[in-house]
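Asker: My questions will all concern the structure given below.
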Amino acid sequence: MTGATPFRATIDSLDELRTVYREPSPLVLGKERPTIDDATRAFLAHCRFAAIGTVGASGDLDVSPRGGERGFVQVLDERRLAIADLSGNNRLDTLTNIVETGRIALVFVVPGKTETVRVNGRAWVTVDDEVLDTFTLPKRPKAAIGVEVRTTFMHCGKAFMRGQLWEPAAWEDLASAPDGADILTCQGVVEAEAGLVRQHLAEGYEADLAAERA
């Protein structure tokens, strides 16, 4: 990576990078697969959350969360999967990037499991009835993200273990973290007291989620 940096003592070559980190094990190097196996299919059938990375025509990157009940991710065959596009804020950052470049990277999460499944590939925004009819959600999605898998692999659970993500004992220590209302008011995005913003957010979330269940 070239250009000015606001950091000192940066690593500027791959050779230098390998003086800091050891070589990966043969297992780590060899775990990528070009197709979805039975175990990965079953994992995705239980998935309730995904992080979606995309890139636009300008080269700017975006990572967006997606969540839903079991079934919001559908495996169509060993090379294809679909993710229901449920109600959001209509910025369409992810979908815009997909239309522009068709490149995607995903991390799929099952609550309680420390390992995740990663998928890299090509993507399209699809309104194909045959794809949308595969979803058994309370409300049929208006569109889906269709993904052609290029590589998929299991990612180790150390990040979730370090972060104690599934350990309720750790949550109490994090209760004082700012929430969305705190951040919006601090940034000056809205000119209102945080408690009122919090109430409006909660009401908006409930209304949107209720509409999906209707």
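Asker: In straight Cα distance, which lysines are under 22 Å from residue 31, not counting same-chain residues fewer than 8 positions off?
Answerer: 113, 158
Asker: So who's got an amide H within less than 5 Å of the one on residue 103, skipping anything under 5 residues away but keeping other chains? H placed 1.01 Å off N, in plane.
Answerer: 55, 123
Asker: Further question on the same structure: Per the 1.4 Å probe, what fraction of the accessible area of the stretch 96-181, in percent, lies on carbon and sulfur atoms?
Answerer: 54
Asker: For 19, 5, 114, what's the largest-to-smallest order of accessible area, 1.4 Å probe?
Answerer: Values: 19 110, 5 75, 114 40 Å².
Most to least solvent-accessible, the answer reads 19, 5, 114.
Asker: Picking from 147, 99, 189, which is most flexible by a Gaussian network model of the chain using Cα springs under 10 Å?
Answerer: In the Gaussian network model the winner is 189.
Asker: Compute for the chain: radius of gyration divided by Kirkwood radius, i.e. Rg/Rh, restricted to C-alpha atoms, rounded to two decimals. Present the calculation step by step, with values, prior to reporting the outcome.
Answerer: Values: Rg = 19.9 Å, Rh = 20.0 Å.
Over the Cα atoms of the chain, Rg/Rh equals 1.00.
Asker: While we're looking at this one, here's another question. For the stretch 128-213, what percent of Cα pairs sit more than 15 Å apart? Could you put the intermediate results ahead of the total?
Answerer: Values: 2815 of 3655 pairs.
Beyond 15 Å sits 77 percent of the P(r) for the stretch 128-213.
Asker: Using θ = phi - 60° and the Karplus form 6.51 cos²θ - 1.76 cosθ + 1.60, what ³J(HN,Hα) does each residue of the stretch 33-39 get, whole Hz, x for Gly and Pro?
Answerer: 10, x, 9, 8, 8, 5, 5
Asker: Let me ask something additional. Convert 20 °C to kelvin, take the viscosity as 1.002 mPa s, use the Kirkwood radius over C-alpha pairs of the stretch 14-70 as Rh, and evaluate the Stokes-Einstein diffusion coefficient in µm²/s, rounded to a whole number. Each step should come with its number before you reach the end.
Answerer: Numbers: Rh = 15.2 Å.
Stokes-Einstein gives a translational diffusion coefficient of 141 µm²/s.
Asker: Counting every Cα pair in the stretch 45-158, what percent are over 21 Å apart? Let's see the in-between values first.
Answerer: On the way: 2059 of 6441 pairs.
In whole percent, the share of Cα-Cα pairs in the stretch 45-158 beyond 21 Å is 32.
Asker: For an R0 of 22 angstrom, estimate the FRET efficiency from the Cβ-Cβ distance between residue 11 and residue 61 and round to the nearest 0.05.
Answerer: 0.60
Asker: Using a Cα-Cα cut-off of under 19 Å, which aspartates and glutamates could be cross-linked to residue 142, ignoring same-chain neighbours fewer than 8 residues away?
Answerer: Reachable aspartates and glutamates: 69, 85, 93, 128, 129, 130, 133, 208, 212.
Asker: Now, a different point. For every helix of n ≥ 4 consecutive DSSP H residues, a contribution of -39,500 (n - 2.57) applies; sum these over the chain, divide by its total residues, and give [θ] at 222 nm rounded to the nearest 500 deg cm²/dmol. Could the numbers behind the result be given before it?
Answerer: Values: 9 runs with 71 residues, N = 214.
It lands at -9000 deg cm²/dmol.
Asker: Report the accessible area of residue 92, computed with a 1.4 Å probe over the heavy atoms of all protein chains in place, in Å² rounded to the nearest 10.
Answerer: Here the residue's solvent-accessible area equals roughly 80 Å².
The values are calculated or read from the model by the stated rules, or taken from the named source; none is laboratory data. Note that the coordinates shown come from a computational prediction; the quantities given were computed from them, not determined experimentally. Counting neighbours? That spans all protein chains shown, and the Cβs are built from the backbone with ideal geometry, glycine included. To get the accessible areas, we keep the full protein, side chains included, count just its heavy atoms, and leave off ligands, DNA and RNA. Shrake-Rupley method; radii C 1.70, N 1.55, O 1.52, S 1.80 Å.
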